[in-house]
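Worksheet: the structure to be examined is printed underneath.
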Amino acid sequence: MREGVCRLLESEDDVEVAVTCQDVDSLLAAVEEHSPDVLVTDIRMPPTNTDEGIRAAGLLRLSHPALGVVVLSQYDEPEYAVALLARGAAGRAYLLKDTLVDGGDLLHAVREVAAGRSVIDPQVVEGLVASRNRFDSSPLRRLTPRELEVLSAMAQGHSNEAIATELVISVRVVEKHISAIFAKLGLTEEADVHRRVKAVLIYLSNGTQP
């Protein structure tokens, strides 16, 4: 895939490939060394093959705000697109590999992010809309933005202490938020461990983006 993308980009007169990388560490190092206009990255790469491309885009938004990033993925999960766009859509593109019928879509995305614009695969946009619609009719609408942050951290398996550290609040405040979450979701008659599991299941089964 990487070699095919490289050949495609090099075939264009106005595009020069500075370097190719095999993992996220070499990717970040290459950006520092070559200062490219655009980065084209897979969503998953070594060492963990999870969401390195998304996390790298987030880091680079802070360290190299003018850098355009095109993320290629085989996943249309709205959460990935939301994470990519969390710090702004300018200079960001999210494309699904399965919908890249020809190289024109990729080249278009490269040129768009280089100009500071954004490109999101239509299938991903549909997923985002569906997620929003689920959220609008879900009990999660009763939660405050902070309570949603706490519940999101719970869904990631974080302890109360870890949530407090992540959100820079006290454990006591976390406990108060969790109690409010249980009450608003109607989880008031069971043991805390069961309520915690049920709250997470509600979060995962409903749209999670306000």
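The values are calculated or read from the model by the stated rules, or taken from the named source; none is laboratory data. Quick caveat, the model's predicted, so the values are computed rather than measured. Don't worry about glycine lacking a Cβ; one is built from the backbone with ideal geometry, like all the others, and counts go over all protein chains shown.
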From L143, L148, residue being within 14 Å of E79 (Cβ to Cβ), at pLDDT 80 or above and not β-branched (V, I, T) | L148
What residue, of V31, V19, is modelled with pLDDT of 90 or more, in a helix (DSSP H, G or I) and farther than 20 Å from V119 by Cα?
-> V31
What number of residues in the stretch 1-16 are assigned to a loop (DSSP other than H, G, I, E, B), within 28 Å of the chain's Cα centre (by Cα) and in contact (Cβ under 8 Å) with a residue 40 or more places away in the chain?
-> 2
Looking at P47, P65, which is the one that is free of Cβ contacts under 8 Å to residues at least 40 places away in the same chain, in the same structural domain as E79 (by TED's automatic domain parsing) and closer than 24 Å to A89 by Cβ?
-> P65
Take the stretch 183-210 and flag every residue that is modelled with pLDDT of 85 or more and either in a loop (DSSP other than H, G, I, E, B) or in the same structural domain as V125 (by TED's automatic domain parsing) (or both).
-> L185, G186, L187
Report whether or not R92 is among the basic types (K, R) and surrounded by 17 or more Cβ atoms within 10 Å (Cβ to Cβ).
-> yes
Within the stretch 140-177, which residues are closer than 17 Å to V200 by Cβ, polar (S, T, N, Q) and not in a helix (DSSP H, G or I)?
-> Q156, S159
Could you please give the count of residues in the stretch 61-85 that are modelled with pLDDT of 85 or more, surrounded by fewer than 21 Cβ atoms within 10 Å (Cβ to Cβ) and part of a helix (DSSP H, G or I)?
-> 3
